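*Asks:* The structure is given below, and queries will be raised subsequently.
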Amino acid sequence: MQIYLPIAEISVNVFVLLGLGAGVGFLSGMFGVGGGFLMTPLLFFIGIPPAVAVSTQANQICASSASGALAHWKRKTLDLKMGLLLLAGGSAGSILGVQLFAYLRSLGQIDLFISLSYVGFLGIIGGLMFLESVRAILRRNAGGARRAGAGGGRRRRTWIDRLPFKMRFPTSGLYISVIPPVAIGFLVGTLAAIMGVGGGFVMVPAMIYILRMPTNVVVGTSLFQILFVTALTTVLQAGQNQTVDIVLAMLLTVGGVIGAQFGARAGRHMKAEELRALLAFMVIAVCLKLGWDLVVTPADLFEVMQHGRGGL
Amino acid sequence: MIGALLVSLALQGQPTLLTSEPPSIVAALTHETVEIREDFSGQELVLYGATRGMTIQDEIVVVLRGPARDLRVMEKQRNFGIWVNSAPLEFENIPSYYAIATSLPLEEIATPESLAGSGIGLPATLAIRAAPTAAQTERDIRPYLDAIGRAGSRNDLYAEAQRGVEILDGGLFRATISLPPLTPVGNYVAEVYLFRDGRAVASRSASLRVEKAGLERFVYEFAHDWPWLYGLFCVVLAVLAGYAGYLAFNRR
């Protein structure tokens, strides 16, 4: 059954969209990630104009993070103060990102820029995750000896502690400068606008390794920030670029909500290190596919663009 | 010698015998508007018409032209191993849709020069519309125009149907044109030409409007007329969907 998308202005099979939503939702439920980094490239591959794909993804992530953030809110596993700081940085990043997006689109370089951002970020994150999980698996197989210093004990002082404007975060039990959270939030907000991702794959490691937040509040705080930043990005993209396709977003959301439940169930039967290694594999695979498309000789050496829109 | 003279006389006499009046043409489309709804996946259009004073050598050419768009065409060049869009050229007023249907292959109806003169056929149309761009640049614009043609053909927005016009008895004819799933919205013009001896001797045009309807129209107009409100609406809907998901699956 074909459906014509009013903003993307193309006709797509409904079941392809529901299936994509369910498939990516399954993976995100299984791995506990948003899945934006998978969905946005998949939308490019089925022919959605990149500008519409990125903006619509922000809207879909808004829906999927809302249910997660609500659950964490109820369980009180989020640091509201830290979340608001991340959100302040994220809002600025999102505003800048939407402007940058519009500017690069006017130059005809947005597709290249999106691809390069994906290759860079996915390559780094995927590579780090892969090394991490391989080390964890090796360690476990070596007899489960705990590495000295991991987890317990007082944390060592780093350059982070020397930054000014310190603030207390009772929920996380931290006393740190406001600069790192705002900077991390800013980076993630920019990514949301440019790449159509929530940015959890950058924010969660940054909160654990840079801010050293306790792991029980990391996911909730990250979802809280993502919910509001993607909401802002949706409004900005809709208001400024008119590139949010609500029909596309809703179809992906319906598939995603259902898929995520099955994914979460499937994920319970797997070990955490193996899950992470598998996720790292997928991140690297998407990275390689996008990287390959940048270097392989294209089928048509010319690109025809309509003013204010994607391809012809 | 006398035989040749007779033949030429007969040839001269023939058209005058059959065409006591100047050639003329009437035409109409089966639709005046085409509506794009949720289930739109392309549509067939029929253009039918009648000619007066048509002879056996005459041929019919039907052109359907979509709304004009401004395009930017960029050539991909390799920089540090990566293909980068470079060397942009801007083209204005390029038809977003161009279909041509003929009663004989176009090259058998008229010479390329004659077609170029009357602006019939995609190459001639693109060349005319690209003239301002060509005047501004020293680069060869032909590869760019070819790229526009290829991009249009890929999405069936530029199409040529040789023998797509069926000539019936009594000077009646019928042409079938298909609108693809990616049909752009806007005003379309259908032009019908009667060709004789490689020249268009009569023409007629009809108009067509392609517009969004139903839910498609509502969403499109909402998104373009009240973009900020639409953005807020999208967020509210997304949060409600997320809340519904939370209620359905997270609360035990």
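*Asks:* For peptide A:294-302, what's the mean number of Cβ atoms from other chains within 10 Å of each residue's Cβ?
*Replies:* 5
*Asks:* Same structure again: Looking only at other chains, what is the average number of their beta-carbon atoms within 10 angstrom of each beta-carbon in B:64-70?
*Replies:* Average per residue, whole number: 1.
*Asks:* Kindly flag which residue pairs out of B:Lys76/B:Lys212; A:Lys74/A:Lys289; A:Lys74/A:Lys166 have an alpha-carbon separation exceeding 32 Å in this structure.
*Replies:* Numbers: B:Lys76/B:Lys212 34 Å; A:Lys74/A:Lys289 40 Å; A:Lys74/A:Lys166 29 Å.
In this structure, B:Lys76/B:Lys212; A:Lys74/A:Lys289 lie more than 32 Å apart at Cα.
*Asks:* Pulled fully out, how much extra length does the chain show between A:Lys289 and A:Gln99, if you take 0.36 nm times their separation in residues and subtract their Cα-Cα distance? Please report the intermediate quantities before stating the final value.
*Replies:* Working: separation 190, 0.36 × 190 = 68.40 nm, distance 2.76 nm.
That works out to 65.6 nm of additional length.
*Asks:* With N set to the number of residues, divide the alpha-carbon radius of gyration of the range A:42-140 by 2.2 N^0.38 Å and report two decimals.
*Replies:* Output field value: 1.39.
*Asks:* Averaged over its residues, how many other protein chain Cβ atoms are within 10 Å of peptide B:211-222's Cβ atoms?
*Replies:* Average per residue, whole number: 3.
*Asks:* Relative contact order of chain B: what whole-number percent is it, with Cα pairs under 8 angstrom and at least 6 residues apart?
*Replies:* Over chain B, the number comes to 28 percent.
*Asks:* Each label point is 7 Å from the Cα along the Cα-to-Cβ direction; what then is the distance between the points at B:Ile128 and A:Leu128, in nm?
*Replies:* According to this spin-label approximation, the distance is 6.0 nm.
*Asks:* Which value, in square angstrom to the nearest 100, describes the accessible area buried between chains A and B on both sides, using a 1.4 angstrom probe?
*Replies:* Summing both chains' loss of accessible area gives about 4900 Å².
*Asks:* Can I ask one more? Under DSSP H, which helices of chain A have Cα atoms covering 18 Å or more of the helix axis and a Kyte-Doolittle average no less than 0.5?
*Replies:* Passing helices, by number: A:14-31, A:80-107, A:110-141, A:179-195, A:215-236, A:246-267, A:272-295.
*Asks:* Here's another thing I want to ask about it. Among B:Gln77, B:Gln43, B:Ala159, which residue has its Cα furthest toward the positive end of the charge dipole of the protein assembly as shown, with +1 on Lys/Arg Cβ and -1 on Asp/Glu Cβ?
*Replies:* Highest projection toward the positive end goes to B:Gln77.
*Asks:* Carbon and sulfur together cover what percent of the accessible area of chain A at a 1.4 Å probe radius? Before the final figure, lay out the partial values.
*Replies:* On the way: 9130 of 13370 Å².
Of all accessible area on chain A, carbon and sulfur atoms account for 68 percent.
*Asks:* For a quick check of your reading of the filter: which GluC sites (Glu not before Pro) in the range B:112-185 sit in a DSSP loop and have no more than 15 other Cβ atoms within 10 Å?
*Replies:* Passing sites in the range B:112-185 are B:Glu138.
*Asks:* For the protein assembly as shown, with only Lys/Arg (+1) and Asp/Glu (-1) charged at the beta-carbon, what is the dipole magnitude about the Cα centre, in debye rounded to 20?
*Replies:* That gives the protein assembly as shown a dipole magnitude of about 4520 debye.
*Asks:* While we're looking at this one, here's another question. May I ask you to give the solvent-accessible area per residue for the protein assembly as shown, in square angstrom, as obtained with a 1.4 angstrom probe?
*Replies:* Values: 26840 Å² over 564 residues.
In whole numbers, the protein assembly as shown has 48 Å² accessible per residue.
*Asks:* Roughly how many whole Å is it from the C-alpha centroid of the range A:174-217 to that of the range B:180-204?
*Replies:* Measuring centre to centre over Cα atoms gives 58 Å.
*Asks:* A follow-up question, please. Could you tell me how far the Cα centroid of the range B:97-162 sits from the Cα centroid of the range A:236-273, in Å?
*Replies:* About 44 Å separates the Cα centre of the range A:236-273 from the one of the range B:97-162.
*Asks:* Moving on to the next point. What stretch of chain A, leaving out the sites themselves, is the longest with no trypsin sites (Lys or Arg not before Pro) in a DSSP loop having at most 13 other Cβ atoms within 10 Å? Working shown, then result.
*Replies:* Numbers: sites that count: A:Arg75, A:Lys76, A:Arg146, A:Arg147, A:Arg154, A:Arg155, A:Arg156, A:Arg157, A:Arg268, A:Lys271.
Answer from the scan: A:158-267.
*Asks:* Using only alpha-carbon positions, what ratio does the radius of gyration of the protein assembly as shown give when scaled by 2.2 N^0.38 Å? Can you show the working numbers first?
*Replies:* Numbers: Rg = 30.3 Å, N = 564, 2.2 N^0.38 = 24.4 Å.
Computed over Cα atoms of the protein assembly as shown, the ratio equals 1.24.
*Asks:* Roll a 1.4 angstrom probe over the protein heavy atoms and tell me the percent of accessible area of the range B:213-252 that is carbon or sulfur.
*Replies:* Working: 1680 of 2450 Å².
Roughly 69 percent, rounded to a whole number.
*Asks:* Would you please classify the overall shape of the range B:213-252 from the alpha carbon gyration tensor, given that a ≥ b ≥ c denote the square roots of the eigenvalues, rounded means a/c under 1.5, and beyond that prolate means a/b larger than b/c while oblate covers the rest?
*Replies:* oblate
*Asks:* Restricted to Cα positions, what overall size does the range B:19-212 have along the principal axes? Three whole-Å values, descending.
*Replies:* Taking the Cα atoms of the range B:19-212, the three principal extents are 68, 43, 23 Å.
*Asks:* Ok, one more. Summing -39500 (n - 2.57) over the DSSP H runs of n ≥ 4 in the protein assembly as shown and dividing by its residue number, what mean residue ellipticity at 222 nm do you reach, to the nearest 500 deg cm²/dmol?
*Replies:* Value at 222 nm, helices only: -17500 deg cm²/dmol.
*Asks:* Please report the spacing between the Cα centers of the range A:80-94 and the range A:1-23 in Å, no decimals.
*Replies:* Here the two parts' Cα centres lie 33 Å apart.
*Asks:* Among A:Gln225, A:Gln57, A:Gln99, which one shows the biggest mean-square fluctuation in a GNM of chain A, springs joining Cα atoms closer than 10 Å?
*Replies:* Maximum fluctuation in the GNM of chain A, among the listed residues, is at A:Gln99.
The values are calculated or read from the model by the stated rules, or taken from the named source; none is laboratory data. Because the structure is predicted, anything quoted here is derived from the model rather than measured. Note that each Cβ is placed from the backbone with ideal geometry, even for glycine, and that neighbours are counted across all protein chains shown. Note: accessible area is taken over every heavy atom of the protein model, side chains too, but ligands, DNA and RNA are not part of it. Shrake-Rupley method; radii C 1.70, N 1.55, O 1.52, S 1.80 Å.
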